[in-house]
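K.L.:
Attaching a single structure in structure tokens format; questions to follow.
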Amino acid sequence: MHQRLGRASVRLEEGVYIRESASVVGTKEGQGPLGSFFDMVGSDDMFGCGTWEEAESSLQKDAVYLALGKAGLKPEDMNYIFAGDLLGQSIATSFGLAQYGIPLFGVYGACSTCGESLLLGTMALAGGFGEYAVCVTSSHFASAEKEFRFPLEYGNQRPLSASWTVTGSGAFVLGREPGEHARARITGMTVGKIVDYGLKDSMNMGACMAPAAASTIERHFRDFESGPQDYDRIITGDLGSVGQTVLIDLLREKGYDISQVHTDCGMEIYDAETQDTHAGGSGCGCSAVTLSAYILRQLEEKSWKKVLFAPTGALLSKTSFNEGKSVPGIAHALVIESTADPRPA
């Protein structure tokens, strides 16, 4: 039996397994601190395609192909695929994944989409509605700039609070059983809610999303009767250096000090001193490729036993921004454990 905790948290009795995963990234990501961990690094960011949007579709297609191959499974073995991206109508997903013929749930949580897709896939399998599912998301620096900010040819100056959209895609094969090997096990979750502090600066996404991350992490602690001491790492998606400071301050006000165990995917993927990415990385692909290439590796190698993974998203569009709306945020949290020596959730 699964145990519902509070309003939007669930402790999974047996958990759902991340059977395999794959990460495909662009050139800048391949030059960063995690470069040697990614499964595939493109020789250029067009990935042999004619447009940036086609390149992003190619990222998803390749990530799913690699993940399934590593798991020894085929598209027809999958009951569902949960996928999304940042582009209008999720076109990177629809054009990238059509050839697989897997029943699709299209999801959108902005840069929290990795967490949302994993959460929904876990719910489906834990509820007995399937044996296998694929969860995948992507982002591309050039397609995101085109969608949300300025044409690249404009050459606009970016403030120090700005983040750099990751070119990458991460895919995860979930299973109800571990099989011969599972990279990790999902044992709990907390669904995020929309949090809006009225901030309107789209060049400071970390500050816009930090309140949502604080809200979800605080509710998770309350629901699970846990705290920072119960996790080897608490990992947000793409708050960057600015958002990290805001998050730590907000949680301290609530009585939780996560400063010793917190890290952020956007801060891990780039070298802040040499890669000129300002506050860090962002985009749907940021938390997805970092989870696949780095976080799961730490769990497999027993460096960490239990992490709280909380990707974050800024819920804006170019329409809402041009109409002067604020930038709401959302964050979803998953408890991910090593399969070698799991602790109770």
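K.L.:
Being surrounded by fewer than 24 Cβ atoms within 10 Å (Cβ to Cβ) and closer than 17 Å to S9 by Cα is true for just one of S202, S215. Which residue is that?
P.N.:
Of the residues listed, the single one that is surrounded by fewer than 24 Cβ atoms within 10 Å (Cβ to Cβ) and closer than 17 Å to S9 by Cα is S215.
K.L.:
So, one more: Only one of these is touching a His at 6+ places or on another chain (Cβ under 6 Å), under 20 Å from T137 (Cβ atoms) and of a type in the set (A, V, I, L, M, F, W, C): A314, A310, A293, A333. Name it. Steps first, answer last, please.
P.N.:
On the way: A314 fails: touching a His at 6+ places or on another chain (Cβ under 6 Å); A310 fails: touching a His at 6+ places or on another chain (Cβ under 6 Å); A293 fails: touching a His at 6+ places or on another chain (Cβ under 6 Å).
That would be A333, the only listed residue that is touching a His at 6+ places or on another chain (Cβ under 6 Å), under 20 Å from T137 (Cβ atoms) and of a type in the set (A, V, I, L, M, F, W, C).
K.L.:
Go through region 287-315 and report how many residues are modelled with pLDDT under 95, under 17 Å from the mean Cα position of the chain (by Cα) and not in a strand (DSSP E or B).
P.N.:
Residues in region 287-315 being modelled with pLDDT under 95, under 17 Å from the mean Cα position of the chain (by Cα) and not in a strand (DSSP E or B): 1 in total.
K.L.:
Is there a residue being at pLDDT 95 or above, assigned to a loop (DSSP other than H, G, I, E, B) and out of contact with any Pro (no Cβ under 8 Å at 6 or more places or on another chain) anywhere in region 57-66?
P.N.:
Scanning region 57-66 turns up no residue that is at pLDDT 95 or above, assigned to a loop (DSSP other than H, G, I, E, B) and out of contact with any Pro (no Cβ under 8 Å at 6 or more places or on another chain).
K.L.:
Would you be able to tell me the number of residues in region 41-56 that are assigned to a loop (DSSP other than H, G, I, E, B) and aromatic (F, W, Y)?
P.N.:
Start the filter on region 41-56 by keeping residues that are assigned to a loop (DSSP other than H, G, I, E, B), which leaves 42-51.
Subset that is aromatic (F, W, Y): 47.
Residues meeting the conditions: 1.
K.L.:
Quick one: D238 ticks every box in (1) surrounded by fewer than 20 Cβ atoms within 10 Å (Cβ to Cβ); (2) at pLDDT below 95; (3) among the charged types (D, E, K, R) except a single one, so which number is it?
P.N.:
Failed condition: (1).
Okay, residues lined up against (1) at negative phi; (2) basic (K, R); (3) surrounded by 20 or more Cβ atoms within 10 Å (Cβ to Cβ):
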position: D232; (1), (2), (3): yes, no, no
position: G243; (1), (2), (3): yes, no, yes
position: S259; (1), (2), (3): yes, no, no
position: T263; (1), (2), (3): yes, no, no
position: D276; (1), (2), (3): no, no, no
position: C284; (1), (2), (3): yes, no, yes
position: K305; (1), (2), (3): yes, yes, no
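K.L.:
Give the residues of region 241-268 that are more than 24 Å from M189 (Cβ to Cβ) and in contact with a strand residue (DSSP E or B) (Cβ under 9 Å, 6 or more places away or on another chain), sorted by residue number.
P.N.:
Within region 241-268, just S241 meets the criteria.
K.L.:
While we're here: Does I186 meet the test of being β-branched (V, I, T) and buried (at least 23 other Cβ atoms within 10 Å of the Cβ)?
P.N.:
It is true that I186 is β-branched (V, I, T) and buried (at least 23 other Cβ atoms within 10 Å of the Cβ).
The values are calculated or read from the model by the stated rules, or taken from the named source; none is laboratory data. The structure presented is a predicted model; accordingly, all values stated were derived computationally and were not measured. Every residue, glycine among them, receives a Cβ derived from its backbone with ideal geometry; neighbour counts consider all protein chains shown.
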